[in-house]
Amino acid sequence: MNKPRKIPMRKCVATGEMYPKKELLRIVRSKEGEVSIDPTGKKNGRGAYLSKNKEAVLLAKKKNILKHHLETEIDENLYDEILAFIEKENTSKS
């Protein structure tokens, strides 16, 4: 008898809602302080999860949520990169 696999859940830092890990986008800060998008979810460093929707990203930008969670300054261009990444991913699914 096979046990159903446990689905890892993570909380979106912007909305506070719980989602399966695969439905969220991980933003990571490396030891060197470099902040980047982690599509694999496996990079080393401090991570924060964001919903893959535009509203959550804009809310995170407005309230500077990533700065607090990753404990470093966030370049404004990162939010544009995140929005472009989500847009690209949504168009490839359709």
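Throughout, read-outs are computed from the coordinates displayed, never taken from laboratory work. Quick caveat, the model's predicted, so the values are computed rather than measured.
Annotations for the structure displayed:
- Contact order normalised by residue count of the chain, Cα under 8 Å, 6+ apart, percent: 24 percent
- Of all aspartates and glutamates in the structure, the ones whose alpha carbon falls short of 15 Å from that of residue 61, not counting any fewer than 8 places away in one chain, are 71, 73, 75, 76, 80, 81.
- Over the residues of the chain, the helix contribution to mean residue ellipticity at 222 nm works out to -11000 deg cm²/dmol, using -39500 (n - 2.57) for each DSSP H run of at least 4.
- Distance from segment 1-30 to segment 34-68 (C-alpha centre basis), Å: 13 Å
- Relative to the longest principal axis of the Cα atoms of the chain, the long axis of helix 76-93 lies at roughly 30 degrees.
- In order through segment 57-63: 3J(HN,Hα) via Karplus (6.51 cos²θ - 1.76 cosθ + 1.60), integer Hz, x for Gly, Pro: 5, 5, 5, 4, 5, 4, 8
- Our coupling estimate for segment 17-31, obtained by passing each phi through the Karplus curve with A = 6.51, B = -1.76, C = 1.60 and θ = phi - 60°, is 8, 8, 9, x, 3, 5, 8, 10, 9, 9, 10, 10, 10, 6, 4 Hz, Gly and Pro reported as x.
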